[in-house]
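Worksheet for the structure shown next.
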Amino acid sequence: MERVQLLTALEQSEQRSSEAKKDGANRTKQTTPGFDRLFAKRLWRILRVMMPSLFKATSLLLILLLALAIGEEFAVYFTGLVPSQFYGALTSKDSEGFKTVLWKAAICILAVALGKSFVQFVSGWLHVLWRKRITEHLHRGYCRDIVYYDLNVLDPTLDNPDQRITQDVERFTDRLSDKVASKLIITPLTVVYYTYRCWESVGYFGPLLIYIYFLLGVVVNKLIMSPIVNQVYKQEKLEGFSTCN
């Protein structure tokens, strides 16, 4: 009986393998790595695994990270106003005013240092939790039935699943928490604020030129980054093949 069940399982695996080869060939012909709708769709699926609801620890930590990043930006902004106040106190030879500005500068610098430290701490904490959730999600699928055997032996469309679960997940969550998450929300707010200040200073023409330059940069970046993403994908694939051997 056990031998019959084993043979049945192997036949089903071979059938799934042949279907996977056909699907993989079709996917290879139809898609290449790049910033497109498929990328956005896959990113959304990953984000749902990382933050399944608003009241999960990962979602609350992300909100805290964004709040800390906003506070850090305000501290940096007020720190940038201090040098001009120093010039005013020095040129007017106002000793009391100089002491006041000196205390203000010390407080601003301390606030910026604390803000950066807290942002890095929460970012690292969020990275660990995100990596844990994605890894556990992948392991649940990887260790179900004989999926690991299908992926490693019978299915040629996915290279080095063990490396995907370890190295790729670690890199993705680290970069997302450290370089993307906080700046993704802070940057639009910063752009809106400085657009308003620029409009007040030089009128509409200054912000208009800045936005035209930005749009040109986006187009050029899109044309340059798409081939680079494809080459990075090939590099990671070859590195994984070398590690596997």
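Remark: pairs (first residue in the range 83-97, free of Cβ contacts under 8 Å to residues at least 60 places away in the same chain and part of a helix (DSSP H, G or I); second residue surrounded by 10 or more Cβ atoms within 10 Å (Cβ to Cβ) and among the acidic types (D, E); Cβ separation under 9 Å; 6+ apart in sequence or on different chains) = G88/D94. Open to solvent by less than 30 Å² (accessible area, probe 1.4 Å) and either at pLDDT 85 or above or not aromatic (F, W, Y) (or both), is that true of S201? No: the conditions fail for S201.
So which residues in the range 153-167 are in a helix (DSSP H, G or I) and either loosely packed, with under 15 Cβ neighbours inside 10 Å or at pLDDT below 70 (or both)? I'd like the intermediate steps shown before the answer.
Initial filter on the range 153-167 (in a helix (DSSP H, G or I)): 153-154, 161-167.
Scanning the range 153-167 gives V153, L154, D162, T166.
Could you please find all residues in the range 214-245 being part of a helix (DSSP H, G or I), over 25 Å from the mean Cα position of the chain (by Cα) and either at pLDDT 85 or above or surrounded by fewer than 11 Cβ atoms within 10 Å (Cβ to Cβ) (or both)? Within the range 214-245, S242 is the sole residue that qualifies.
When each of W125, W130 is tested for being buried (at least 17 other Cβ atoms within 10 Å of the Cβ), at pLDDT 80 or above and closer than 19 Å to P52 by Cβ, the lone residue that passes is W130.
In this structure, L184 does not qualify as under 30 Å from M51 (Cβ atoms) and either at pLDDT 85 or above or open to solvent by less than 70 Å² (accessible area, probe 1.4 Å) (or both). Scanning the range 91-107 for residues that are at pLDDT below 90 and surrounded by 12 or more Cβ atoms within 10 Å (Cβ to Cβ) yields D94, G97, F98, T100, V101, L102, K104, A105.
So, of the residues in the range 165-175 that are hydrophobic (A, V, I, L, M, F, W, C) and touching a helix residue (DSSP H, G or I) at 6+ places or on another chain (Cβ under 7 Å), which turns out to be nearest to Q120 (Cα to Cα)?
Step one: filter the range 165-175 for residues hydrophobic (A, V, I, L, M, F, W, C), giving 165, 169, 172.
Within this subset, residues satisfying the condition of being touching a helix residue (DSSP H, G or I) at 6+ places or on another chain (Cβ under 7 Å) are 165, 169.
Working: I165: 24, V169: 19 Å.
Once the filter is applied, the top-ranked residue is V169.
In the range 133-149, the residue that is modelled with the highest pLDDT out of those that are touching a helix residue (DSSP H, G or I) at 6+ places or on another chain (Cβ under 9 Å) and open to solvent by 90 Å² or more (accessible area, probe 1.4 Å) is D145.
Could you check, for the range 63-81, whether at least one of its residues is over 30 Å from S177 (Cβ atoms) and either surrounded by fewer than 17 Cβ atoms within 10 Å (Cβ to Cβ) or at pLDDT 85 or above (or both)? Working first, answer last.
Applying the first criterion (over 30 Å from S177 (Cβ atoms)) to the range 63-81 yields 81.
Add one more test, that the residue is either surrounded by fewer than 17 Cβ atoms within 10 Å (Cβ to Cβ) or at pLDDT 85 or above (or both), and what stays is 81.
Yes, there is a match, as at least one residue in the range 63-81 is over 30 Å from S177 (Cβ atoms) and either surrounded by fewer than 17 Cβ atoms within 10 Å (Cβ to Cβ) or at pLDDT 85 or above (or both).
Close contacts from the range 127-144, counting a first residue that is closer than 12 Å to S177 by Cβ and touching a residue at least 40 places away in the same chain (Cβ under 8 Å) and a second that is open to solvent by less than 90 Å² (accessible area, probe 1.4 Å) and not in a helix (DSSP H, G or I), with Cβ to Cβ under 6 Å and a gap of 6+ residues or different chains, come to none at all.
The values are calculated or read from the model by the stated rules, or taken from the named source; none is laboratory data. Given the structure is predicted, the values throughout are model-derived calculations rather than measurements. Glycine gets a Cβ as well: all are built from the backbone with ideal geometry, and neighbour counts include every protein chain shown. Heads up: the accessible areas ignore ligands, DNA and RNA and are worked out on the full protein's heavy atoms, side chains in. Shrake-Rupley method; radii C 1.70, N 1.55, O 1.52, S 1.80 Å.
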